[in-house]
1. Any residue in region 157-180 that is in contact with a strand residue (DSSP E or B) (Cβ under 9 Å, 6 or more places away or on another chain), surrounded by fewer than 19 Cβ atoms within 10 Å (Cβ to Cβ) and either outside the structural domain of Ser306 (by TED's automatic domain parsing) or within 23 Å of Arg253 (Cα to Cα) (or both)?
2. Based on what the data block shows, is Arg215 surrounded by 15 or more Cβ atoms within 10 Å (Cβ to Cβ) and of a type outside the set (Gly, Ala, Ser)?
3. When you go through (1) in the same structural domain as Leu236 (by TED's automatic domain parsing); (2) closer than 30 Å to Pro206 by Cβ; (3) modelled with pLDDT under 80 one by one for Phe121, which number turns out not to apply?
4. Which residues, taken from region 66-80, are touching an Asp or Glu at 6+ places or on another chain (Cβ under 7 Å) and part of a helix (DSSP H, G or I)?
5. Restricting region 43-99 to residues that are closer than 30 Å to Phe121 by Cβ and of a type in the set (Ser, Thr, Tyr), which is surrounded by the most Cβ atoms within 10 Å (Cβ to Cβ)?
6. Please determine whether any residue of region 247-269 is under 30 Å from Trp158 (Cα atoms), of a type outside the set (A, V, I, L, M, F, W, C), under 19 Å from the mean Cα position of the chain (by Cα) and not in a helix (DSSP H, G or I).
7. What is the one condition in (1) of a type in the set (Lys, Arg); (2) at pLDDT 95 or above; (3) in contact with an Asp or Glu (Cβ under 8 Å, 6 or more places away or on another chain) that Lys280 does not satisfy?
8. Of the conditions (1) within 15 Å of the chain's Cα centre (by Cα); (2) in a strand (DSSP E or B); (3) in contact (Cβ under 8 Å) with a residue 60 or more places away in the chain, Met55 satisfies every one except a single condition; which number is it?
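The values are calculated or read from the model by the stated rules, or taken from the named source; none is laboratory data. From a predicted model like this one, the values you see are computed outputs, not experimental measurements. Using ideal geometry, Cβ is built from the backbone for each residue, glycine included, and neighbour counts are taken over all protein chains shown.
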Amino acid sequence: MTQETLSHQPVLLNEVVEALRPEPGKWYLDGTLGAGGHSEAILNASAPSGKLIGMDLDPNAIEMAAKRLAKFGERIKIIRGSYAFADRYITSCFDNITGFDGILLDLGISSMQVDAAEKGFSFQKEGPLDMRFDPNQKTSAYDLVNFASEEELSRIFWEYGEERAARRIAAAICSARVREPIETTTMLAEIVANAVHTNRKSKNNPATKSFQALRIAVNNELETIEKALPVLIALLKPGGRLAVISFHSLEDRIVKNFFRIESTDCLCPPEQVVCTCGHKASLKRINRHAITAKDDEIRENPRARSAKLRVVEKIGTEK
């Protein structure tokens, strides 16, 4: 394993393995492959015959994960694609697959993506305003920053970044881009910093929320999660589990609400005596409250501080 791979450690690793209960002969899907750390642990735990499909949009991540996971041979198949369309890809990997016993999503951005200045995710490193997980995608952060309306930019910063200064930041961007295109991460970070009245006691960079919001908007992250959850549940075998790690409150809210609704039999108003909705629970929540990282993991990996793991099991008896 390379030093580069070692520097990108997966969050809540033990908790994910415990939640998915990997076993020999079972099938697993890692919809957010990244550097392959979670997949490696699942394949180790399901040895000698457990199999896994890993998916990612980032070709650099796929290249890194492929090297890390090469030792597993035919037990691992890697696909470049979105987990929201996993149902379109899986039959091309293994002929005899009928569903998954465990599925993992590790949402958000990886440390290796932040560290790559050329991807434009970090306000601390000079780089192009890109922020695309998939380099083949048409719209980049540059397009939004330089061509979206002031109203649209304000909406993005408010809805996806929960940024109180959304209007001031949007106005400052529109004013600056009249003089010259905003081409780099540091140019944008400086504009945002000048527009925000920073609390000197705050530990966060004033551009944190704005960059987060742009990344979410560029990659349609929230819409992708909403679209993916029903697809992934359909791919689970009865008794199979879906584990989702989120880092942002908006992501976690989508996951939490979906799991709550799909683990409830009747969705009629409480005052209604007779059920008329006909809704039946398809899931069982394994943890009612999100699992978070322990102090020792947070000390070793500060990124784990905001991680929340939620797990559900598909109702039914596995044949």
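1. No: region 157-180 contains no residue that is in contact with a strand residue (DSSP E or B) (Cβ under 9 Å, 6 or more places away or on another chain), surrounded by fewer than 19 Cβ atoms within 10 Å (Cβ to Cβ) and either outside the structural domain of Ser306 (by TED's automatic domain parsing) or within 23 Å of Arg253 (Cα to Cα) (or both).
2. yes
3. Of (1) in the same structural domain as Leu236 (by TED's automatic domain parsing); (2) closer than 30 Å to Pro206 by Cβ; (3) modelled with pLDDT under 80, only one is false for Phe121: (1).
4. Within region 66-80, Arg68, Leu69 qualify.
5. Among them, the one singled out is Tyr83.
6. Yes; the residues of region 247-269 include at least one that is under 30 Å from Trp158 (Cα atoms), of a type outside the set (A, V, I, L, M, F, W, C), under 19 Å from the mean Cα position of the chain (by Cα) and not in a helix (DSSP H, G or I).
7. (2)
8. (3)
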